Structures are given as structure tokens and as C-alpha cells.
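The values are calculated or read from the model by the stated rules, or taken from the named source; none is laboratory data. All values reported here derive from a predicted model rather than from experimental measurement. Positions of Cβ are backbone-derived with ideal geometry, glycine not excepted, and every protein chain shown enters the neighbour counts. With ligands, DNA and RNA removed, areas are computed over all heavy atoms of the protein, side chains included. Shrake-Rupley method; radii C 1.70, N 1.55, O 1.52, S 1.80 Å.
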Amino acid sequence: MDALDPSTIVVTAGRGTGDPGEPVNVPVELSSTYRAGGDVIYGRESNPVWVAFEEAVGALEGGVGVSFASGMAAVAAVASLVPPGGVVVAPEVAYKGARTLFQSLAATRRIGELRLVDITDTSAVLAACAGADLLWAESPTNPLLGVADLAALAGAAPLVAVDNTFASPLLQQPLAAGADIAVHSATKVLSGHSDVVLGVAVARDPEVATTLRAYRTLHGSIPGPMEAFLALRGLRTLAVRLERASATAAELARRLAGHPAIEDVRYPGFGSMVAPTVRGGAAAADAVCAALRLAVPATSLGGVETLIERRGKYAGEEASPPGLLRVSVGLEHVDDLWADLDQALTTTSTSE
Ligand SMILES: *Cc1c(COP(=O)(O)O)cnc(C)c1O
């Protein structure tokens, strides 16, 4: 059979061997231990549902998947690949957790140097990569939606890892663009229902995947079987969810750009994230969040429900303009979402 379309792979991958009588979904296997004499010995080493989920994400990204307890556990596992005292290049403005982790590794001398860069400035990133051991990239970035030129960054360091959470493997494949590892917070759009915390790293080189798996076993940063089941179940509908959310995001970005209460709209041209900046700064943006009736004011992203948050309210997010709202577009009807945004923006801008 010809290579399958990714929208088919999300449905078909990780289904087991296909034998008659086999359950169509890999069942949740809740056992910490296994009778002696078989391949699997203990529940920290492997679980059939992790394997199924890893197969599916690995097939989509074009590498070997290793699932983790969370996106941050996957980031920490990738960071462990840096030799002691090594040099890491990472985005100055991107997911705060990853930057904070690398900063703490530098503070404790686990890594020798952390070079923070503007990941959208390709020549600056390439210059910073001289002598580096790991380039940690993220694109589009959280929350400013900056886009890195992944193909131009391929080979910039011995190890190039890309946080692909915002794009998903359906919109961007870092390994095909030349990266060594793609990382996801599967908590977000991969699982898609805001009901699970899980991460996954996909390595182009199977040996790197083996090292990541050994790290996971040793550090115990394993997903729960139920979490892996939920993530895989969510993944089955990724293509249709993304199609709907992306179309709505594009339309909302267009309408927001024409709204008098909006100063600026960041939208990378694909995906389900939009980041409008409200005129009037932090107070006006907070008032918009408080006035929402349909979209949910909450952190996180990638779920079926639209979530809106002012990232600038957090310490360490100073690069985010005070009035910027990170909008994770869900599956509600575009006109209902627009009506909600418009009433929240209009109420607050006329009451100033
Ligand atoms: C949420 C997020 C993470 C961290 O993932 P968790 O599952 O919360 O640990 C990493 N990168 C990006 C881009 C994220 O949005």
C-alpha cells in the first residue's frame, strides 16, 4: 500500500497486530508486575498503551517515539543528553518551563553555558551555535507565535531538538526538516481534551530513542497507562480537530485584526493559536478575560474548548506584551466565539 496520509495514520497507527479477535483499541493494562519468564518484567519499563501511543506519534513524526509523564519530563530527558559542562542554545522567549529548566541546569553547573537567543533570527541562532552541544528550538513559540526556520537550523549543533507542541506533526515535521528530536507536550493538541498530562520525544536515530527510554526507566518519569490511553484516544481525532480549529483561528485572526479594541494580532498563518494584543494594556486585557462568557479563561491550550490567558501576568513572561492574550482556539462555532470575543472587547473598551 502507498504511504498513508497523516490524517489516516492518526487513526490507524498503534492498533496492535491485527489478529482476529484482538480488541480494536489496545486495552489499558493496569499491572505493576508480570509473571517471570516473559519479555516484560516490571511496569516502570514498558506498558502496551505507551508502546501504541509511541508507535502512532513516531509514525507521524518519522522517528522512534518515547512517551513521558509530561512534556517537561520529555524536555528533561532531552536535556540529559547534553554532556556534563556542555553548551546549550535555547530561545529567550518561548515556553517558560524549558528555559527555566536550562537555567537551573546552568546554575547548578550541570551544563557549562546557556546561550539564550531570538529563535526567529536564524543568523543569530547559527552564530550562537558555534561549539554548542544542543540547540533547543521551539516553533511556533509559546506565547508570541514566533516562527523559526527549522530547515536552516538543521545541523547547527550535534543535537537539534524542536518543541513541536504548537504546530503538531500534522502541520510541521521537525525531523523531515533535519532536526534530531521532536518533542511534544501531548497534554495539549495531541491529546486535545484537557484531561491528561503527558509528553513524548521522537528521535530520528533509534539509538537516541534507546538512551531516552533508559533515562525514563531510571528516573521513573513514566506516563500512567490510563493517561497514555487517553492521549492515544485523543490523537485519533487530531486531524479533524485541527482542521476545524485552524479554520476558526484563521477567521478569528482576520476579524480581530479589524476590531477597534485590538492593537495587534499575532498569527503564524497555520494552527489553532492566535495572540491578539488588547489596547489599554494589562488591565484592559484582564477585563476582557473576566468578561468572557463562552471561551474559558484558563491556562493551557490545544483542547476542544477555547482557552484564553494573559501570559504577561506571570513572572518570567515579561517579553509578552502586557495586553497580549494567548487564545487557544477550540471547536466551538466561529460565530459564537466571535460574538463572545466581540462582546468582551466592546464592553471593556467602552467602560474605560
Ligand atoms: C505546555 C508546554 C510544555 C510543557 O508540557 P507539560 O505537559 O505541561 O509538562 C512544553 N512546551 C510547550 C510549547 C508547551 O506549551
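Rounding to the nearest 20 debye, state how big the charge dipole of the chain is about its Cα centre with +1 on each Lys and Arg Cβ and -1 on each Asp and Glu Cβ.
Charge dipole, the chain, about its Cα centre: 600 debye, nearest 20.
Just to compare against my own numbers: the Cα pair-distance distribution for the range 210-352, 10 Å bins, whole % per bin, please.
Per 10 Å bin, starting at zero, the Cα-Cα P(r) for the range 210-352 comes out as 12, 37, 27, 16, 7, 1 percent.
Within the range 266-325, report the trypsin sites (Lys or Arg not before Pro) that DSSP leaves as loop and that have at most 15 other Cβ atoms within 10 Å. Write down the numbers at each step before the final one.
Numbers: sites: 266, 279, 293, 310, 311, 313; in loops: 279, 293, 310.
Filter output for the range 266-325: 293.
Which shape class, rounded, prolate or oblate, goes with the range 83-163 when its Cα gyration tensor gives a ≥ b ≥ c as root eigenvalues, a/c under 1.5 marks rounded, and past that a/b bigger than b/c marks prolate?
oblate
What do you get for the angle between helix 281-291 and the principal long axis of the chain? Use alpha-carbon atoms, 0 to 90 degrees, nearest ten.
The answer is roughly 80 degrees.
What does the accessible area per residue of the chain come to in Å², with a 1.4 Å probe and no ligands, DNA or RNA counted?
Normalised by residue count, the accessible surface of the chain is 42 Å².
Any idea how far the Cα center of the range 315-352 sits from the one of the range 201-224, in Å?
About 38 Å separates the Cα centre of the range 315-352 from the one of the range 201-224.
Could you pull the Cα extents of the range 248-313 along its three principal axes, largest to smallest, in whole Å?
That gives 29, 24, 21 Å along the principal axes, largest extent first.
Could you work out how far helix 206-219 tilts from the main Cα principal axis of the chain, as a 0 to 90 degree angle to the nearest 10?
Between helix and principal axis, roughly 90 degrees.
Provide the descending list of Cα extents for the range 189-262 along its principal axes, expressed in whole angstroms.
Between the extreme Cα coordinates on each principal axis of the range 189-262 lie 54, 25, 22 Å.
Let me know the Rg and Dmax you get for the chain when you use only its Cα atoms, in Å.
Calculated on Cα positions, Rg and Dmax stand at 20.7, 72 Å.
Return the equivalent ellipsoid semi-axes of the range 1-50 as a descending list in whole Å, where each equals the square root of 5 times an eigenvalue of the C-alpha gyration tensor.
Three semi-axes, in Å: 28, 12, 10.
Apply the a/c threshold of 1.5 to the C-alpha gyration tensor of the range 138-219 and tell me whether it is rounded, prolate or oblate.
Numbers: a/c = 2.08, a/b = 1.01, b/c = 2.06.
Oblate.
What shape does the range 1-119 have by the C-alpha gyration tensor, where a ≥ b ≥ c are the square roots of the eigenvalues, rounded means a/c under 1.5, and otherwise prolate means a/b greater than b/c and oblate the rest?
Oblate is the answer for the range 1-119, as a/c is 1.5 or above yet b/c matches or exceeds a/b.
How many angstrom lie between the Cα centre of the range 274-296 and the Cα centre of the range 55-132?
32 Å
I'd like the carbon and sulfur percentage of the solvent accessible area for the chain, probe radius 1.4 Å, heavy atoms only, ligands and nucleic acids excluded.
Result for the chain: 56 percent of the exposed heavy-atom area is carbon or sulfur.
Taking the full set of protein chains and a 1.4 angstrom probe, give the accessible area of residue 195 in square angstrom, rounded to the nearest 10.
Near enough 80 Å² of accessible area.
From the C-alpha coordinates alone, can you work out the Kirkwood hydrodynamic radius of the range 242-285, in Å? Show your work: numbers first, answer last.
On the way: mean 1/r = 0.0930 Å⁻¹.
Averaging 1/r across every pair of different Cα atoms and inverting gives 10.7 Å.
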